[in-house]
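Let me begin by presenting the structure, written as structure tokens, before commenting on it.
The values are calculated or read from the model by the stated rules, or taken from the named source; none is laboratory data. Keep in mind that what you see is a predicted model, and the values were worked out from it rather than measured. Cβ coordinates were reconstructed from backbone atoms using ideal geometry, including for glycine residues, and neighbour counts include every protein chain displayed. For the accessible areas, the whole protein counts, side chains as well, though only heavy atoms, and no ligand, DNA or RNA atoms are used. Shrake-Rupley method; radii C 1.70, N 1.55, O 1.52, S 1.80 Å.
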Amino acid sequence: GVEALVRWQNPALGLVPPGRFIALAEQTSLIEDIGDWCLNEACRQIVCWQTEGVAIPRVAVNVSARQLRGEGFAERVMETIRQHGIKPQQLELELTESLLTEDTDHTFEIFKELRAQGIRIAIDDFGTGYSSLKYLADFPVDVLKIDQSFVSRLHAQSESLYVVQAIVMLAKGLNIETVAEGVETQAQMDCLRELDCAAYQGFLCSAALPASEFTRWMTGQSGT
């Protein structure tokens, strides 16, 4: 699968990374508009790839706490899916670990409703927050994404190695898939294979690409 990453093309500043504007948008209602736009664009792009014959199992889209708490969030997600005519299974929503401890009853019901429709739920940057293991066991979650701060320090006998090993074992026990973030070297990949991590993302596979370049990259990988 792939993850959708937002960038702001500003006429004066050029291409602005999310670290420079998402935090500000979070403080206002703008994050809900940005989030809805990103979700719509991701679904639209899935349809474009399908038309081009590029098979993408799923696209992950980040969701903010403010979006999740907004009125009718689950209904808006399902309506966007219906408008574009894609399958719910083609969409994965990524949420930060801290959301597991915020307004838990409300969050649980939204997770449950979305998963019942076939949408996958992923916890992003896992290991950097303060979530209770009880919440992790109780919440309907499909994927844990291991934070890149652990992956970047991953080598034999490192403390990060034991942290990642513990996360993978915990996830396996809960029947949750693990994805390592920010994998850049073959040595990191070798460690993750030894730990039986299910999947990875990062520059070792590819840098972030615009959709059109990604299409060329995918067709090159498949040899078509």
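The C-alpha radius of gyration of region 110-156, expressed as a fraction of 2.2 N^0.38 Å, stands at 1.36. The mean sequence distance of close C-alpha pairs (under 8 Å, at least 6 residues apart), as a share of the length of the chain, puts its relative contact order at 13 percent. For region 13-92, a crude dipole built from +1 on the beta carbon of Lys and Arg and -1 on the beta carbon of Asp and Glu, taken about the Cα centre, is about 160 debye to the nearest 20.
In the chain, which helices (entire DSSP H runs) extend 24 Å or more along their own long axis, judged by Cα positions, while averaging at least -1.0 on the Kyte-Doolittle scale? Result, helices passing both filters: 30-51. With every protein chain in place and a 1.4 angstrom probe, the accessible-area ranking of C48, C197, C205, largest first, reads C205, C48, C197. Relative to the Cα centre, the charge distribution of region 140-224, modelled as +1 at Lys and Arg Cβ and -1 at Asp and Glu Cβ, gives a dipole magnitude of about 100 debye. Across every pair of non-identical alpha carbons in region 1-121, the mean reciprocal distance, once inverted, gives a Kirkwood radius of 15.2 Å. Ligands, DNA and RNA are left out, and with a 1.4 angstrom probe the accessible area of region 124-224 is 56 Å² per residue. Taking each residue as 0.36 nm, the span from Q9 to N175 lengthens on full extension beyond its C-alpha to C-alpha distance by 55.8 nm.
What does the net charge come to around D36 if you take all other residues with beta carbon closer than 13 Å to its beta carbon, with K and R at +1 and D and E at -1?
With Lys, Arg at +1 and Asp, Glu at -1, the net is -3.
Of the solvent-accessible surface of the chain, computed with a 1.4 Å probe over protein heavy atoms with every protein chain present, carbon and sulfur atoms account for 53 percent.
Return one whole number: the accessible area per residue of region 3-114 in Å², for a 1.4 Å probe.
Numbers: 6010 Å² over 112 residues.
The answer is 54 Å² per residue.
Volume per residue for region 179-224 equals 82 cubic angstrom (convex hull of Cα atoms). Computed over the chain with a Gaussian network model linking Cα atoms closer than 10 Å, the most mobile of R153, R66, R44 is R153.
Stretched out straight at 0.36 nm per residue, the stretch from A198 to Q27 would grow longer than its current Cα-Cα span by 58.0 nm. With a ≥ b ≥ c the root eigenvalues of the C-alpha gyration tensor of region 3-52, is it rounded (a/c under 1.5), prolate (a/b larger than b/c) or oblate? Oblate.
Note on region 46-89: semi-axes of the ellipsoid equivalent to its C-alpha gyration tensor, largest first and rounded to whole Å, are 24, 12, 7.
If N is the number of residues in region 79-212, what value comes out of its Cα radius of gyration divided by 2.2 N^0.38 Å?
Scaled against compact globular proteins, the figure is 1.12.
Computed from the alpha carbon atoms alone, the convex hull of the chain holds 138 Å³ per residue. When the dipole is taken about the Cα centre of the chain, and only Lys, Arg (+1) and Asp, Glu (-1) are charged at their Cβ, what size is it in debye, to the nearest 20? Value, rounded to 20: 460 debye.
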